[in-house]
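Reading through the structure tokens given below for one structure.
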Amino acid sequence: MVYSTNSSADKLLWQAFKLGDEDAYTRLYQKYVRVLFSYGKKILTDDSRVEDIVQDLFIDLWQSRARLADVENPRFYLFSVLRRRILKSLSKEPAILQDWEFTDEEILPVSLPEEFYIIEAEGIEKQKHHLDTWLKSLPVRQYEVLMLRYYQDFSYQEIAAILSINEQSVRNLITRALEKLRQLTVQMLIVLILSFF
Amino acid sequence: MSYDNYDTADFLEDPKFRAWVYDNSPEVETFWLKFLIDYPEKSDMINSARSVLLVLFKHEEQGFPEEYQVDTMWENIVHAKERRPFLFKSVWLRLSVLTTSAAIFILVATWLLKAPAPNTAATYRALVQSDKREMAEKENRTEMPIRVTLPDGSRITLKPRSSVSYPKEFDARKEREVYLSGEAFFDVKRNPDRPFFVYANELVTRVLGTSFSVKAYDDSHQLEVEVKTGKVSVFTRKSHSKESEDCSSEAEQTILTPNQKVLYSRSEERMKKMLVDFPEVIASSDPAVIPIPHFQDAPVSKIFANLEAAYGIDIVYDENLMGNCLLTASFSDESLYDKIDLICKGVEAEFKVMDSKILISGRGCH
């Protein structure tokens, strides 16, 4: 599972890779290519573009390995570099950059798709669907922070560094995302109760 | 630690909780099962925090690349990762690479600058409009290549500022026809009964099943077809239409094999066959055509024969004079031209790329 990232093992891999160990390099790639790709896709959506950026990242990594520092947490390093590169590639298209980087998240309403109100079966299926709806309704920024914090296990400090915002903003984004989940849960409960009459 | 005031967010924040959901190790499992007994009132929050983590994982997993994408990216990485440092290792090598590419560039440039593109040229729009079938069109207005899948399963990688048009349904018995403006790479599903035609301005490319790219912008002076695998034949529209009427004109037709390309000058209405700028090893399962990485005291003729087979190109040299020169050489990810250059240095020879062949001239060894 991706979550179990033993960072001291990663550190050793990194050191071996820096010395030119191809095996360590291959393992770093195999270990991180999927999550990095997935992260890139959330922002760029276009597969071939994400492929190019991930590819270039690993090529440059190998070519500059001798000049790279000993990093404490290679996973953190990879995510930071990937995000910087995506931003750079986006900056060639100012319109898209604005779309997702500066959208005022407060303006986006918590909207529920219609099928949400159609009650079919109760239980787990519904809860899953309900959570899916929640995740999909989140602004990119909030989703990104949730993912980095709870799925990738980064600390608030690390997330702040990856996104170049301050720690408090990271906390606010998480609070807002969870608050939205709470609101949805309440709404769902009301709908559930009403459906009994 | 007191869990009395724990809510959903606190569970999410707890690394031990996340380890339970994501890692499933026995000791955390025991801990949380006991927890559920001690704090039954927390089970709703635990469930909801657990579901949040699982749905996050599911969403991320949906964004994972397909395994073939992981492999393709890795191949590209391995291929490119040594390229730059190697090219700049020696001044000699750099000079020789520069001269070759400069030669090609000058050749193309003089050809291009000679005359403006004729106004009467066949353009994409006119070609598409003359086709009476119901057409589908894809236009790439982004800055990145996009993928297009045709009704027969063939795939097109369409470069920016390019468009393709094709019948919404390919006629089951007749040829498959596609119109192109701009640049695209084609990966054609093999079907010997239904040849595949690409109409790009004045050029027509005919294939059975193979991969190749076509560059034909409406506003440029030259058109280009490059072959990656298989065999394609390229002819001009004029000779193509004549051919279908009286089958007499074979003059303007060229057969291309992998690593060859054809340039068509619109002003001179002439085709020129040459090697692609970066020849690649032909993908093949035949052991005879796999490049051998190391030669120990091998006759040059043997090394050349291996390169010819691996890249599917002709190397022309005086076999009596040089064929028996012995050479020890190790190759890794160098380009074909770099390999040839290394060999030439070893036997005091020089090489030139002429049309679709590599010519080697030397005085033989002592």
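A few points about this structure:
- When B:SER181, B:SER211 are screened for being assigned by TED's automatic domain parsing to the domain that holds B:GLY230 and either in contact with a His (Cβ under 6 Å, 6 or more places away or on another chain) or under 21 Å from B:THR123 (Cα atoms) (or both), only B:SER181 passes.
- B:THR72 surrounded by 12 or more Cβ atoms within 10 Å (Cβ to Cβ), under 30 Å from A:TYR25 (Cα atoms), of a type in the set (Val, Ile, Thr) and at pLDDT 85 or above: yes
- Among the residues making up segment A:4-27, those that are among the charged types (D, E, K, R) and away from chain B (no Cβ under 14 Å) are A:ASP10, A:LYS11, A:LYS18.
- From the list A:LYS128, A:LYS136, the one residue that fits, being part of a helix (DSSP H, G or I), within 12 Å of another protein chain (Cβ to nearest Cβ), at pLDDT below 90 and within 17 Å of A:LYS42 (Cα to Cα), is A:LYS136.
- Of B:ALA136, B:ALA172, B:ALA200, all but one fail to be away from chain A (no Cβ under 14 Å) and in contact with a helix residue (DSSP H, G or I) (Cβ under 9 Å, 6 or more places away or on another chain); the exception is B:ALA200.
- Exactly one residue out of A:ASP52, A:ASP60, A:ASP56, A:ASP70 is more than 14 Å from the chain's Cα centre (by Cα) and assigned to a loop (DSSP other than H, G, I, E, B): that is A:ASP70.
- Condition check for A:GLN30: surrounded by fewer than 15 Cβ atoms within 10 Å (Cβ to Cβ), closer than 22 Å to B:GLY63 by Cβ and within 14 Å of chain B (Cβ to nearest Cβ): yes
- Listed by position, the strands (runs of 3 or more DSSP E) enclosed by segment B:126-244 that each have at least 3 residues that are farther than 26 Å from A:LEU44 by Cβ are B:162-167, B:176-187, B:196-200, B:203-207, B:211-216, B:222-229, B:232-236.
- Of everything in segment A:145-158 that is within 10 Å of another protein chain (Cβ to nearest Cβ) and in contact (Cβ under 8 Å) with a residue 24 or more places away in the chain, the residue that is surrounded by the fewest Cβ atoms within 10 Å (Cβ to Cβ) is A:ASP153.
- Filter pass, A:ARG75 being more than 8 Å from chain B (Cβ to nearest Cβ), buried (at least 19 other Cβ atoms within 10 Å of the Cβ) and in a helix (DSSP H, G or I): yes
- Test: residue in segment B:146-169 that is over 25 Å from B:LYS231 (Cβ atoms), hydrophobic (A, V, I, L, M, F, W, C) and at pLDDT 85 or above: yes
- Candidates B:LYS34, B:LYS89, B:LYS16 - the one that is at pLDDT below 85 and of a type outside the set (Ser, Thr, Tyr): B:LYS89
- Hits in segment A:159-168 - residues which are part of a helix (DSSP H, G or I) and surrounded by fewer than 21 Cβ atoms within 10 Å (Cβ to Cβ): A:ALA160, A:ALA161, A:LEU163, A:GLU167, A:GLN168
- Subset of segment A:40-49 that is within 7 Å of chain B (Cβ to nearest Cβ) and free of Cβ contacts under 8 Å to residues at least 24 places away in the same chain - its residue that is nearest to the chain's Cα centre (by Cα): A:LYS41
- There is at least one residue in segment B:18-32 that is within 14 Å of chain A (Cβ to nearest Cβ) and aromatic (Phe, Trp, Tyr).
- The C-beta contact set for segment B:46-68 (first residue closer than 18 Å to A:THR45 by Cα, second residue among the small types (Gly, Ala, Ser) and surrounded by 14 or more Cβ atoms within 10 Å (Cβ to Cβ), distance under 7 angstrom, 6+ apart or interchain) comprises B:GLU60/A:SER38; B:GLY63/A:SER38; B:PHE64/A:SER38.
- For segment B:144-163, residues that are at negative phi and out of contact with any helix residue (DSSP H, G or I) (no Cβ under 9 Å at 6 or more places or on another chain) total 12.
- A:ASP70 passes every criterion in (1) within 14 Å of another protein chain (Cβ to nearest Cβ); (2) at pLDDT below 80 apart from (1).
- Scanning segment B:227-253 for residues that are modelled with pLDDT of 80 or more and crowded, with 20+ Cβ neighbours inside 10 Å yields B:VAL227, B:VAL232, B:VAL234, B:PHE235, B:THR236.
The values are calculated or read from the model by the stated rules, or taken from the named source; none is laboratory data. Remember, it's a predicted structure, so these values are computed and weren't measured experimentally. Don't worry about glycine lacking a Cβ; one is built from the backbone with ideal geometry, like all the others, and counts go over all protein chains shown.
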